[in-house]
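S.K.: Pasting a structure here, questions to come.
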Amino acid sequence: MKKLKLYLDTTIFNFFFADEAPQERDVTRKFFKQIDQYEVYFSDIVIKEIARCHPPKREKLLRLMEEYSLEELVLDDEARILAHKYVKEKIIPVKYMDDAHHIALASVHGIDALLSWNFEHIVKVNFHRLRRWLLG
């Protein structure tokens with residue numbers, strides 16, 4: 001049986017260490033214990049976001065990523081163009097372009113699900129507007 005393809009945004013890695021949010025942390029850690037059941041992807045956008053963290057946190061996040069077999073996707077022109085369309089259509093606000101990039105990368109690469117703890121712009125995408133835009 002084909003493994004489900006999952007894309008992890010930066011929040012998934014962050015919540016692995018989120019002691020201030022124990023419920024989300026525990027769910028995230030449980031997922032990582034079962035991660036080999038899936039084809040798991042992240043992107044150079046995740047690396048860019050992690051690079052902005054303070055050194056101790058950044059090192060923990062990078063070690064976590066190295067511990068698991070994850071495939072890195074690179075933001076290409078096709079995903080970049082799609083992300084700009086999401087912004088143009090006001091599906092994602094322009095100030096959250098990285099979120100648009102995460103969604104576009106997952107779409108372009110045929111990912112089955114994008115995992116995120118970002119309820120502001122990724123999990124809460126304006127699906128009615130997206131659907132209307134996709135269907136014309």
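S.K.: If the chain between Glu72 and Asp36 were fully stretched, how many nm would it gain, using 0.36 nm times the residue separation less the Cα-Cα distance? Let's see the in-between values first.
M.R.: Details: separation 36, 0.36 × 36 = 12.96 nm, distance 1.57 nm.
Computed gain between Glu72 and Asp36 is 11.4 nm.
S.K.: Tell me which chymotrypsin sites (Phe, Trp or Tyr not before Pro) from the range 48-118 have a DSSP coil assignment and no more than 16 other beta carbons within 10 Å of their own.
M.R.: When the chymotrypsin sites (Phe, Trp or Tyr not before Pro) of the range 48-118 are filtered for loop state and at most 16 Cβ neighbours within 10 Å, Tyr68 remain.
S.K.: Please check which bits of the range 1-17 a label hung off His109 would reach, taking the label as a point 7 Å along Cα-to-C-beta and the cut-off as backbone N under 20 Å.
M.R.: Counting backbone N atoms under 20 Å from the label point, the list is 2-16.
S.K.: Reported to two decimal places, what Rg/Rh ratio describes the range 5-135 when computed on Cα atoms with Rh from the Kirkwood expression?
M.R.: Taking Rh as the inverse mean 1/r over Cα pairs, Rg/Rh reads 0.96.
S.K.: Which loop GluC sites (Glu not before Pro) in the range 23-126, with loop taken from DSSP, have no more than 12 other Cβ atoms within 10 angstrom of their Cβ?
M.R.: In loop regions of the range 23-126 (DSSP not H, G, I, E or B), the sparsely surrounded GluC sites (Glu not before Pro) are Glu120.
S.K.: Could you estimate the translational diffusion coefficient of the range 30-90 from the Stokes-Einstein equation, with Rh from the Kirkwood formula over C-alpha pairs, at 20 °C and 1.002 mPa s, in whole µm²/s?
M.R.: 158
S.K.: How far, in degrees from 0 to 90, does helix 22-33 lean away from the longest principal axis of the Cα atoms of the chain, to the nearest 10?
M.R.: Between helix and principal axis, roughly 90 degrees.
S.K.: Trypsin sites (Lys or Arg not before Pro), restricted to the range 1-102: which are DSSP loop and have at most 15 other Cβ atoms within 10 Å?
M.R.: Details: sites: Lys2, Lys3, Lys5, Arg25, Arg29, Lys30, Lys33, Lys48, Arg52, Lys57, Arg58, Lys60, Arg63, Arg80, Lys85, Lys88, Lys90, Lys95; in loops: Lys2, Lys3, Arg52, Lys90.
Taking the range 1-102 and a limit of 15 other Cβ atoms within 10 Å, the loop trypsin sites (Lys or Arg not before Pro) found are Lys2, Lys3, Arg52, Lys90.
S.K.: Here is a further query. So which lysines can Lys48 reach, going by Cα to Cα under 26 Å and dropping same-chain residues fewer than 8 places off?
M.R.: Lys5, Lys30, Lys33, Lys57, Lys60, Lys85, Lys88, Lys90, Lys95, Lys124
S.K.: Using a Gaussian network model of the chain whose springs link C-alpha atoms within less than 10 Å, name the residue from Pro22, Pro56, Pro93 with the highest mean-square fluctuation.
M.R.: With Cα springs under 10 Å in the chain, the top fluctuation among Pro22, Pro56, Pro93 is at Pro56.
S.K.: Name the residue from Val87, Ala113, Val40 whose Cα lies farthest towards the positive end of the charge dipole of the chain, charges +1 on Cβ of Lys and Arg and -1 on Cβ of Asp and Glu.
M.R.: Val87
S.K.: Under 17 Å between alpha carbons, and skipping anything fewer than 8 positions from Lys2 in its own chain: which aspartates and glutamates qualify?
M.R.: Partners within reach: Asp36, Glu39, Glu71, Asp112.
S.K.: Which residue, His54, His109, His84, has the most motion in a Gaussian network model of the chain that connects Cα atoms within less than 10 Å?
M.R.: Between His54, His109, His84, it is His54 that shows the largest mean-square fluctuation.
S.K.: Let me ask you something else. Name the most mobile residue of Asp77, Asp98, Asp44, meaning the one with the largest mean-square fluctuation, in a Gaussian network model of the chain with Cα contacts below 10 Å.
M.R.: The residue that fluctuates most here is Asp77.
S.K.: Suppose every K and R has +1 on its Cβ and every D and E has -1 on its Cβ; what is the size of the dipole of the range 24-123 about the Cα centre, in Debye to the nearest 20?
M.R.: Using only the charged Cβ atoms, the result is roughly 500 debye.
S.K.: Using θ = phi - 60° and the Karplus curve 6.51 cos²θ - 1.76 cosθ + 1.60, what whole-Hz ³J(HN,Hα) does each residue of the range 88-95 get, with Gly and Pro shown as x?
M.R.: Karplus values, whole Hz, x for Gly and Pro: 4, 7, 6, 7, 10, x, 4, 6.
Every read-out reported here was derived from the displayed coordinates using simple, explicitly stated rules and does not represent laboratory data. Fair warning: this is a prediction, and the values are worked out from it, not measured in the lab. Here the Cβ is made from the backbone with ideal geometry for all residues, glycine too, and neighbour counts use every protein chain on show.
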